[in-house]
Amino acid sequence: MPRMLRQFHTLSSPVTSPSGVWALRYDAGGRAVIADENGIVTWAAGAAGVLRLGLSGVFAVHADDEVVWRGDLPVSRYTELRVSDSGDAVLYDDGLPVYSVLHGPIKSVTLGDRAPVAEIRGSRFIQSDKGKRTVHRTADGTGLVCRTILDSGVVSSIVVQPEEVRTLEQPNTWLTWRFLDDGEYGSWCLVLVGPSDDVRWMLGKGHVGEQVIPSVVASAEPDYVPEWLDRGLEAGDAYCVTVIHNVDPDEALRRFGALDEEVSSATWAQLQRRANYEDVGSDFMIVAAFPLGPHTLLVEDSGYEAADRPDLSRGTFAVSSYCSVNGDHRFLVSRDGDVMASFTGFLASEAKGADPAVLTMALAEMGIDDIEAFDADSDNYLDDLELLCRVAGVRPKGRLVTR
């Protein structure tokens, strides 16, 4: 028999408690009840019909495609309902108990940012300093659920399986997070530490001292990605880069919106590492500015704002190109705050603005004299970064962005 009723599911078979004594089932009259083997009822729906656990606390009975009773629950986030050996029904959010049908809301108890694994049970959990990461037990109490709120607001969950959890229940150890420096950017990782704060286990890598088999990811960057972007910024085929003429890096960042106290000198790798260490979220944007002689190369990390910012060129000239991991693309040429040429989808033939011909000479230098014919051929692909360099009259080198 099933041990849970999942969200968006209807009660079709009895959901039993761990001991099997109690169950959420239908009685002889077709009404959903929680009852034991002797027929003692602790909870009953308000009408006969099919019970469904829906969205945002909707706990309803349906009959003939109509809702005949609602006993909504005052919780919005949950994943399943389970029956306990005390005759209760409890809502869980990825294993964390949040509501009792008989007793109401269940208050979670934070143990801070570290605790022995054995203490992480029931509604007791650990939470990182900024609240982006939590660890609690699975609903059956045997595994651990490690949750991370990503920059997009989406919650990522990883479950540490029971057999591995048992190896973490060691005396004088604590589960917590550490910023592990890999020599480049570094990242936060769930770890088990000993009395001397020594790391004994890492999520995804196992116990320290044991053989760790690294995962291998094969990748091949397309030929059109220049070395300064690929190796210097490790951006691959997703980027947003802007060249602004005759402004220094500090001025470029101020135009972008950075305050003086937010500007600091660092390499790209150091900036990435600092952002990872400080758990920078989606409310903040990582932007770097590198000198290109009298000009500045502005680089956004996972951003696209400059491709829609002709105001960055006020009093001067600027060129931007943006490409997402999904291939979304925008190209912008602006002068003194006005759009000279703008196009999307790598289709320069569709450029709009005050002077689309600003692209003509650069395209000709790239061997494209008829851009409409070029775009019409599906085998052609515009090298937008080469176009950016030629329109802006710059040629970045790897050393400019790696030191």
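Kindly state, to the nearest 0.05, the FRET efficiency for residue 170 paired with residue 58, given R0 = 35 Å and r defined as their beta-carbon distance.
0.20
In nm, to one decimal, how far is the residue 248 label point from the residue 1 one, both placed 7 Å along Cα→Cβ?
Output for this residue pair reads 7.6 nm.
What nm distance separates the two modelled labels at residue 180 and residue 108, each placed 7 Å from Cα along Cα→Cβ?
2.4 nm
For the stretch 289-403, what does the accessible surface come to per residue with a 1.4 Å probe? Please give it in Å².
Using a 1.4 Å probe on heavy atoms only, each residue of the stretch 289-403 averages 48 Å².
Each label point is 7 Å from the Cα along the Cα-to-Cβ direction; what then is the distance between the points at residue 379 and residue 338, in nm?
4.1 nm
The values are calculated or read from the model by the stated rules, or taken from the named source; none is laboratory data. Everything numeric here is computed off the predicted structure, so don't read it as measured data. Ideal geometry is used to build each Cβ from the backbone, glycine not excepted, and the neighbour counts take in all protein chains shown. Note: accessible area is taken over every heavy atom of the protein model, side chains too, but ligands, DNA and RNA are not part of it. Shrake-Rupley method; radii C 1.70, N 1.55, O 1.52, S 1.80 Å.
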